[in-house]
1. Provide the percentage of antiparallel DSSP beta bridges, counting only those with both residues in the chain; round to the nearest 5.
2. Using the Karplus curve 6.51 cos²θ - 1.76 cosθ + 1.60 with θ = phi - 60°, what ³J(HN,Hα) values do you get for each residue of the range 51-65, in whole Hz, with x for Gly and Pro?
3. Given the options I158, S42, N57, identify the residue whose Cα lies farthest towards the positive end of the charge dipole of the chain (+1 on Cβ of Lys, Arg; -1 on Cβ of Asp, Glu).
4. Which angle from 0 to 90°, rounded to the nearest 10, does the C-alpha axis of helix 216-227 make with the longest principal axis of the chain?
5. Using the basic label-point model (7 angstrom from Cα toward the beta carbon), what is the Q164 to A81 distance in nanometres?
6. What list of ³J(HN,Hα) values in whole Hz, one per residue of the range 200-215 in order, does the Karplus curve 6.51 cos²θ - 1.76 cosθ + 1.60 (θ = phi - 60°) give from phi, with Gly and Pro shown as x?
7. How long are the semi-axes of the equivalent ellipsoid of the range 3-120, taking √(5λ) for every eigenvalue λ of the Cα gyration tensor, in whole Å from largest down?
8. Show the residues, 5+ positions off or on another chain, whose built amide H is closer than 5 Å to the amide H of F129.
Amino acid sequence: MQIDCIITEDEPLAQERIKGYIQKISFLRLLGVFDDGIEALSFLQTHAVDLIFLDINMGDFSGIQLLESIRLDGQVVISTAYPEYALRGYDLNVTDYLLKPYTFERWLQAIDKVKNNRMKGQVTPAPNFIFVKTEFRLEKLQLDELLYIEGMRDYRRIFTLNKQILTLETFGELEQRLPPDVACRVHKSFMVALHKIESVERDLIRVGKVEIPVSEKYRKQFIQLLTR
C-alpha cells in the first residue's frame, strides 16, 4: 500500500519536521510541499492525492478555505496551534486534528487512522455542503437543499429550500465549487440543481413554480447530464 501525500504548511520548521516524519514511514510518498494555500489548491485540481497535511493559518488563504474550495477524495490531517478551529475541522470531515506542538507518537496515531481508513475503504466522504461568501460572512449552503442560482448584475442569488443567499461569487467560481452531478449551468443567468428539476419542456426547466430558460450554449451539456 502506498499513500501519496502533500504538506501545506507555511512554517519552515514545521515543514521540515513533517518531512522528517514522512521519511520514516515506508508507505508514505511525498509529492509536494506548499507554503501557500492557493498553490496547494492549484496542485490538487490536477493531481490525485491520498493525504494532505494541512496547516490552518497561512496568510490570506487559510487551510479551512482550502477545504471549502475543493471536493477531496483523499484524507486530511490538520495541524495548528489554534484549538478553536477543531470543531470546524471536524465539520469538514478531517481524519485527525493535531495541536502544535505534537510528538512523533501523536503524529503516528494520525497516520494509523489514515491507514485504517484506507485499508477499510472508508475514506471520509466529501461534505454535502459548501460555504459561500456573502458581504459580511460565510454562509453555509447545503447541497441537497439547493434549487437554482440566478444572476442579478454583479450578484448571484442562490435559492434553496429554506433561504436565499446573495453572493458576489461569479458563476465561474460557483461552477468550480459545485459538483457537476449537483448543479449545472443552463443559461448565462442561471444554474439549476439537477435533483430538484421537476420537468423539462422545450427550452424551459420547471423547478417548483419557477420556470428557468435553457440557452443553446448550454443545452448539449445539460441534456448529457440528464440522460447519462
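1. Values: 29 of 48 bridges.
Within the chain, antiparallel bridges account for around 60 percent of the total.
2. Working through the residues one at a time gives 8, 10, 8, 10, 7, 8, 8, 9, x, 6, 10, 7, x, 5, 4 Hz.
3. Farthest along the dipole direction, towards plus: I158.
4. 70 degrees
5. My value for the distance between the label points is 4.5 nm.
6. With coefficients 6.51, -1.76 and 1.60, one gets 10, 9, 6, 9, 10, 9, 10, 10, x, 9, 9, 9, 10, x, 10, 8 Hz.
7. Details: eigenvalues 67, 52, 45 Å².
After diagonalising the Cα gyration tensor, the semi-axes are 18, 16, 15 Å.
8. Result for F129 returns L143.
Readers should treat all values here as calculations from the given coordinates under stated rules, not as data from a laboratory. Keep in mind that what you see is a predicted model, and the values were worked out from it rather than measured. Note that each Cβ is placed from the backbone with ideal geometry, even for glycine, and that neighbours are counted across all protein chains shown.
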